[in-house]
Amino acid sequence: MIVNGVDGDPKPTHFVLVPFLAQGHVIPMTDLGLLLASRGATVSLITTPVNAARIRTTIDRAAAAGLPIRFVELDFPCAEVGMPEGFENVDVLTTHKQIQYGQDFFKAAALLQRPLEHYIEQQSPRPSCIIADLCHPWTRHVARNLRLPRLTFFSMCCFTLLSFHNIWRFKVLDGVKDDKEPFEIPGLEQRILVTKAEAPGMFGEWEEMAEEVRQAEFEADGIVANTFEAMEAAYIAGYAEAMQKQVWSVGPFLLGCTPAFSDKAARGNRAVVDVPQCLSWLDSKEAISVVYVSFGTLTNMKPAQLMEIGSGLEAAGHPFVLVIKDGERSREVEEWAAELEEKVGPSKALLIRGWAPQAVILSHPAVGAFITHSGWNSTLESITAGVPMITWPHFGDQFLNERLTVEVLEIGVSLGVKVPMSWTDLEEQGPVVPRDAVEEAVRSLLDDGHEKGKKMRERARELREKAKEAMAKGGSSYLNMAHLIEQFAQNDKKREEVNGD
Ligand SMILES: O=c1ccn([C@@H]2O[C@H](COP(=O)(O)OP(=O)(O)O[C@H]3O[C@H](CO)[C@@H](O)[C@H](O)[C@H]3O)[C@@H](O)[C@H]2O)c(=O)[nH]1
């Protein structure tokens with residue numbers, strides 16, 4: 001077992017990681033835990049039985065590699081808030097179309113406070129620090145009660161965090177006429193225009209939650225971010241200044257997770273496809289010829305929209321991998337999917353019904369474009385694979401992430417969607433993105449002779465190299481991680497001298 005010691009002190013620094021229980025949060029926090037443990041810190045990663053079962057292979061591989069990481073299963077109190085048993089991850093709510101339990105889910109999460117305190121109190125020596133997702137604002141009470149430092153983690157880039165912060169701080173939304181009026185985000189390096197529909201605040205209408213989260217953010221002792229300096233140095237510095245806190249940019253986490261202790265094919269869940277088969281399908285394709293299409297883990301496309309995307313892909317003529325989420329499956333969709341496979345042919349269309357090994361697919365050289373909802377993890381995975389994106393944000397931070405991709409980094413084309421997914425659902429309208437738009441965007445990146453696509457690919461590859469440099473020994477994220485561990489080791493030492501604990 002690797003232990004991190006300072007001045008001959010054999011005690012490792014111990015980080016207690018508390019991820020929010022949604023895949024876009026659990027996955028990066030698990031990577032962060034593995035990374036910290038591989039760098040010599042002890043890690044307790046708080047999870048629940050359903051979530052732990054999903055990442056059993058990760059848990060086993062980390063144990064086999066002797067990493068000092070424990071996966072601590074706390075019972076998730078579904079019954080106490082009136083939620084059905086097993087609703088331990090937000091994707092269970094969305095897959096089963098039970099989104100009415102959204103607020104109950106947050107209430108259940110907050111009830112983890114006492115069991116978490118109990119776990120921490122049992123540890124000897126006391127843990128060094130809590131790293132908690134910002135969606136768990138209640139963790140500030142744990143830190144205060146147990147006199148522990150707390151860092152926040154929110155799986156977003158600093159461009160988006162700073163944008164949200166500045167829109168709130170300068171009360172910009174008070175001055176806009178309606179949801180569609182464009183305004184400039186204040187205090188950014190670059191002129192970026194958005195609308196209230198695209199950036200209504202991190203928690204939209206949930207003002208109470210937003211206020212609690214802001215409080216937790218202001219009270220934190222620092223911020224951990226899954227990003228890297230060469231990509232957005234000005235925004236990392238800007239966010240640190242705005243918050244008056246240290247921002248530890250230590251990503252992309254995924255690049256630091258080697259096969260020795262992490263299974264890229266089983267992040268967050270077991271893939272429903274045979275991974276070697278999927279890879280040999282990709283191997284049979286030319287380099288930079290395949291489109292990968294996946295929209296994260298939370299929103300479900302309507303059948304008509306899925307079909308429209310399928311038609312656009314078919315018309316573009318490039319091979320594609322299309323992920324159909326469990327929550328999108330129905331008889332109608334199954335029949336259409338089978339027809340599409342037959343029409344296009346299995347050598348050109350790979351349809352994945354359920355969980356895809358996304359990180360593995362994206363890093364295959366055959367993949368040349370990613371149609372994405374611009375969730376931060378998907379965006380960063382595309383960047384680390386050097387793959388340009390076709391963006392279609394659905395809600396939350398995704399419109400701002402899209403601005404980073406398309407306008408700041410210039411490694412993506414937008415499908416031009418300006419309203420969140422929930423609105424389009426309410427309005428019961430037909431497909432938001434027509435097949436022609438999908439076809440045109442794919443062609444612009446993958447057809448021969450498209451200068452725009454080539455330039456984007458070059459920039460995406462440069463960023464991929466910079467991401468690798470950041471995570472390699474001596475790189476910015478590598479060093480930031482060393483400093484982070486060292487700071488808390490020193491902190492422990494001081495605490496021991498003063499309190500003897
Ligand atoms: O079949 C699948 C589907 C997803 N993933 C992985 O699941 C994660 C999905 O994360 P993300 O792309 O961020 O999407 P969401 O799950 O939608 O993430 C939520 O959380 C993110 C982090 O805060 C936000 O950026 C998003 O807007 C929010 O929707 C990624 O690591 C994917 O590689 C798979 O491996 N296989």
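A few comments on the model shown:
- First in segment 251-272 and polar (S, T, N, Q), second anywhere and within 9 Å of the ligand (Cβ to nearest atom) and modelled with pLDDT of 90 or more, Cβ under 6 Å, 6 or more apart: Asn269/Trp355
- Of all residues in segment 153-179 being under 18 Å from Asn377 (Cβ atoms) and outside any helix (DSSP H, G or I), the one that is nearest to the ligand (Cβ to nearest atom): Ser155
- Qualifying residue in segment 401-412 (condition: closer than 29 Å to Phe228 by Cβ, modelled with pLDDT of 95 or more and among the basic types (Lys, Arg)): yes
- Selection within segment 47-63 - of a type outside the set (Gly, Ala, Ser) and surrounded by fewer than 17 Cβ atoms within 10 Å (Cβ to Cβ): Pro49, Arg56, Thr57, Asp60
- Residues of segment 51-74 that are among the hydroxyl-bearing types (Ser, Thr, Tyr) and touching a Ser or Thr at 6+ places or on another chain (Cβ under 7 Å): Thr58 alone.
- Selected residue [more than 27 Å from Val290 (Cα to Cα) and at pLDDT below 95] from Asn480, Asn491: Asn491
- Matching residues in segment 341-375 - criterion: being among the β-branched types (Val, Ile, Thr) and touching a residue at least 40 places away in the same chain (Cβ under 8 Å): Ile352, Val360, Ile361, Val367, Ile371, Thr372
- Some residue of segment 90-97 being modelled with pLDDT under 95, over 30 Å from Gly238 (Cα atoms), surrounded by fewer than 17 Cβ atoms within 10 Å (Cβ to Cβ) and of a type outside the set (A, V, I, L, M): yes
- Residues that are modelled with pLDDT under 95 and in contact with a helix residue (DSSP H, G or I) (Cβ under 6 Å, 6 or more places away or on another chain), drawn from segment 122-164: Leu134, Ser155
- Residue tally, condition without any contact (Cβ under 8 Å) to a residue 40 or more places away in the chain and either closer than 21 Å to Asp91 by Cβ or within 16 Å of the ligand (Cβ to nearest atom) (or both), over segment 278-306: 3
- Here Ala349 clears all of (1) within 12 Å of the ligand (Cβ to nearest atom); (2) in contact with a Gly (Cβ under 9 Å, 6 or more places away or on another chain); (3) of a type outside the set (Val, Ile, Thr); (4) at pLDDT 95 or above except the condition numbered (1).
- Residue tally, condition part of a loop (DSSP other than H, G, I, E, B) and either in contact with a Pro (Cβ under 8 Å, 6 or more places away or on another chain) or away from the ligand (no atom under 16 Å from the Cβ) (or both), over segment 268-277: 2
- Pair list, Cβ under 7 Å, 6 or more apart: segment 120-133 residue β-branched (Val, Ile, Thr), other residue assigned to a loop (DSSP other than H, G, I, E, B): Ile120/Pro127; Ile130/Leu148
- Note on segment 352-375: residues that are more than 8 Å from the ligand (Cβ to nearest atom), among the aliphatic types (A, V, I, L, M) and buried (at least 21 other Cβ atoms within 10 Å of the Cβ) amount to 4.
- Tally, over segment 298-334, of residues that are among the β-branched types (Val, Ile, Thr) and at pLDDT below 95: 1
- Residues in segment 392-414 that are more than 12 Å from the ligand (Cβ to nearest atom), closer than 12 Å to Glu198 by Cβ and assigned to a helix (DSSP H, G or I): Arg403 only.
- The residues listed here are Ala230, Ala234; of these, the one that is touching a Lys or Arg at 6+ places or on another chain (Cβ under 6 Å), modelled with pLDDT of 95 or more, closer than 15 Å to Leu404 by Cβ and in a helix (DSSP H, G or I) is Ala230.
- Cβ-Cβ under 6 Å pairs, at least 6 apart or on other chains, segment 176-201 side in contact (Cβ under 8 Å) with a residue 40 or more places away in the chain, far side of a type in the set (Val, Ile, Thr) and part of a loop (DSSP other than H, G, I, E, B): Lys180/Thr195; Ile192/Ile185; Ala197/Val419
- Counting the residues of segment 212-242 that are over 20 Å from the mean Cα position of the chain (by Cα), buried (at least 19 other Cβ atoms within 10 Å of the Cβ) and within 30 Å of Glu462 (Cβ to Cβ) gives 2.
- Any hit, segment 252-264, residues being under 30 Å from Asp60 (Cβ atoms), assigned to a helix (DSSP H, G or I) and of a type in the set (Gly, Ala, Ser): yes
- Residue identified as touching an Asp or Glu at 6+ places or on another chain (Cβ under 6 Å), β-branched (Val, Ile, Thr) and either more than 12 Å from the ligand (Cβ to nearest atom) or farther than 18 Å from Pro393 by Cα (or both) among Val344, Val321: Val344
- Options Lys196, Lys180: the member that is surrounded by fewer than 21 Cβ atoms within 10 Å (Cβ to Cβ), in contact with a helix residue (DSSP H, G or I) (Cβ under 7 Å, 6 or more places away or on another chain) and basic (Lys, Arg): Lys196
- Only one of Ser422, Ser477, Ser378 that is within 16 Å of the ligand (Cβ to nearest atom), touching a residue at least 12 places away in the same chain (Cβ under 8 Å), among the small types (Gly, Ala, Ser) and within 24 Å of Trp248 (Cβ to Cβ): Ser378
The values are calculated or read from the model by the stated rules, or taken from the named source; none is laboratory data. Small disclaimer: the values here were computed from a predicted structure and weren't measured. Positions of Cβ are generated from backbone atoms using ideal geometry, with glycine treated the same way; all protein chains shown enter the neighbour counts.
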